[in-house]
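To keep things clear, I will list the structure first and then write my remarks on it.
Rule-based calculations on the coordinates, nothing more; no lab input. None of these values were measured; they are calculated from a predicted model. Heads up, the Cβs are rebuilt from the backbone with ideal geometry, glycines too, and the neighbour counts pull from every protein chain shown.
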Protein chains: 2
Amino acid sequence: MVTYCPAMVDTDQVFRALADPSRRFLLDLLFQRSGRTLGELERELDMTRFGVMKHLRVLENAGLVVTRRSGREKLHFLNAVPIREIHNRWIDKYTAHQVSALLDLKSSLESKTWSAKKRA
Amino acid sequence: MVTYCPAMVDTDQVFRALADPSRRFLLDLLFQRSGRTLGELERELDMTRFGVMKHLRVLENAGLVVTRRSGREKLHFLNAVPIREIHNRWIDKYTAHQVSALLDLKSSLESKTWSAKKRA
DNA sequence: ACAATAGGTGACCATTTAGTCACATGTCAA
DNA sequence: TTGACATGTGACTAAATGGTCACCTATTGT
């Protein structure tokens, strides 16, 4: 019998977890480098350890973060599956191409602006 | 000068807009068929007109819904661009394949369960 | 054993948020 | 122009949320 699967998530918990900027920043940190401890993450936020712990639990309950204990440390990893499910909910194959093209255009414009700034 | 672009969105507003189940349901309705009026959407939710209106404004401010007036009616359309940006934030090209494969597996298992149920 | 370190719990407070209502504006058609 | 219809505003209440703190447990190295 399967005891855990990264694709098993509660939709509502996922969206509520993503609603907070601190939690999104935690996901950014784990996207950058997974397998961090609570203390390590705490140092990056302007908040007490308890606040960070609370946020991490919300993320874990939502399935956006999975954890593994190692001695007295708890390692946190990013799980991207719920993110992909959000995408699949409101973007079908037909509109996906248009949207991607628009965003590519946008980022290309932004990089031009950026290099213009850099030169200035 | 550009006065409007579907790719111009405030990240925080997008995530907070998606945090409510009623608002996600409104997006589902507009994903199914875009260009609906307030009254039309109101009939689908178990909520007063005012509540629905408030939710639609949140979605509009987030850029997830764009509107067009037509006489005394206001038509609402889904804008998928912010959704795609969420995806791009935490899923890179390398993990995208793994995640997609996992979700394909999941949906194939679910459809098997479903047809088994149907036969029973 | 001991102190230092890493993580955890429950209660608490300030702020935000969902939903409703009385009331107001603008548009259509007879 | 009159009445019906579609949408909009500001104030209000009840519930949820973010963040902190005093206090607690478990693991490590000496």
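An oblate overall shape is assigned to chain A, the ratio a/c of its alpha-carbon gyration tensor axes (a ≥ b ≥ c) being 1.5 or greater and a/b not exceeding b/c.
What size of dipole, in debye to the nearest 20, comes out for region B:11-79 about its Cα centre when the only charges are +1 on Lys and Arg C-beta atoms and -1 on Asp and Glu C-beta atoms? Mind dumping the intermediate values first?
Values: 13 positive and 9 negative charges, 53 e Å.
Taking the Cα centre of region B:11-79 as origin, the dipole is about 260 debye.
Simple point charges give the picture: +1 on the Cβ of Lys and Arg, -1 on the Cβ of Asp and Glu, and for the protein assembly as shown a dipole about the Cα centre of about 160 debye.
With the helix formula -39500 (n - 2.57) applied to DSSP H stretches of n ≥ 4, the protein assembly as shown reaches a computed 222 nm mean residue ellipticity of -20000 deg cm²/dmol. Full extension of the chain between residue A:22 and residue A:104 yields a length gain of 26.8 nm, computed as 0.36 nm times the residue separation minus the alpha carbon distance. The other copies place their residue A:73 label points at 6.1 nm from this one, listed shortest first, where each point is 7 Å from Cα along Cα→Cβ. Dipole check for chain A: with +1 at the C-beta of Lys and Arg, -1 at the C-beta of Asp and Glu, and the Cα centre as origin, the magnitude is about 380 Debye. With the label put 7 angstrom out from Cα along the Cα-to-Cβ vector, residue A:100 ends up 0.7 nm from the copy partners, going from closest to farthest. Give the total of Lys-Lys pairs in the protein assembly as shown with Cα-Cα distances below 27 Å; include a pair only if its members are 8 or more places apart or on different chains. Lysine pairs meeting both conditions in the protein assembly as shown amount to 13. Largest mean-square fluctuation among B:85, B:40, B:60, in a Gaussian network model of chain B whose springs join Cα atoms under 10 Å apart, belongs to B:40. For the protein assembly as shown, the equivalent ellipsoid derived from the Cα gyration tensor has semi-axes of 31, 26, 19 Å, listed largest first.
Plainly put, region A:11-79 has a radius of gyration that is 0.93 times its Kirkwood radius, both from alpha-carbon atoms, as the Rg/Rh ratio.
Semi-axes of the equivalent ellipsoid of region B:65-106 are 36, 12, 5 Å, computed as sqrt(5λ) over the eigenvalues of the C-alpha gyration tensor in descending order. Scanning residues 5 or more positions from residue A:36 or on other chains, those with amide H under 5 Å from its amide H are A:76, with H placed 1.01 Å from N in the peptide plane.
Using a 7 Å projection from Cα along Cα-to-Cβ, the label point at residue A:32 is separated from the same position in the remaining copies by 4.3 nm, smallest value first.
Label separation (residue B:93 vs residue A:10): 3.8 nm, computed from points 7 Å beyond Cα along the C-beta direction.
Angle of helix B:49-62 to the longest C-alpha principal axis of chain B, folded into 0 to 90 degrees and rounded to 10: 80°.
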